[in-house]
Amino acid sequence: MPRKGAVMEASVAIQVLPQNVGGDEEVCRIVDEAIAYIQSEFPDAYVGPFETAIEGEYDHCMKVLAEVNRIVIKAGANKVACYAKIFFAPELGLLTTEQKVGKYHAEEA
């Protein structure tokens, strides 16, 4: 999470695809471990059907991006395809996930 009052400088979408692990259940188990790690570092991570989005300080985001691949290997995959989309704006800041998609996920009263 960004420091209070800090400019949110990076937004990263992470998709991991464990390779050669058997069926769908095993893929989901391994991806669940990756998501659990991401959420331990970014409790407000946005988990979607294809990727998980994080936002905060650039170096922290990059550390998590690198480590998530190791988590997938430790969980049982012998190789992993990882796709990332990175938006970096250290001076200006960026739109948060909530600003981008919150209106589509608001609880109906």
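The values are calculated or read from the model by the stated rules, or taken from the named source; none is laboratory data. Keep in mind the model is a prediction, meaning the values are calculated, not measured. Here Cβ is always computed from backbone atoms with ideal geometry, including for glycine, and neighbour counts include all displayed protein chains. When the accessible area is computed, the model is the full protein with side chains, heavy atoms only, and any ligands, DNA or RNA have been set aside. Shrake-Rupley method; radii C 1.70, N 1.55, O 1.52, S 1.80 Å.
Structure above, values below:
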{"quantity": "Top positive-direction residue, dipole computed over the chain with Cβ charges, set Cys28, Val47, Asn78", "calculated": "Asn78"}
{"quantity": "Tilt relative to the chain, helix 58-74 - C-alpha long axis, 0 to 90 degrees, to 10", "calculated": "20 degrees"}
{"quantity": "Debye, to nearest 20: dipole size of the stretch 1-77, +1 on Lys, Arg Cβ, -1 on Asp, Glu Cβ", "calculated": "200 debye"}
{"quantity": "Relative contact order [Cα under 8 Å, 6+ residues apart], the stretch 3-109, whole percent", "calculated": "45 percent"}
{"quantity": "Carbon/sulfur fraction of accessible area - the chain, other protein chains in place, 1.4 Å, %", "calculated": "54 percent"}
{"quantity": "Value at 222 nm in deg cm²/dmol, rounded to 500, when DSSP H runs of n ≥ 4 in the chain each add -39,500 (n - 2.57)", "calculated": "-13000 deg cm²/dmol"}
{"quantity": "Reachable lysines from Lys63, criterion Cα separation under 20 angstrom, eight or more residues apart if same chain", "calculated": "Lys74, Lys79, Lys85"}
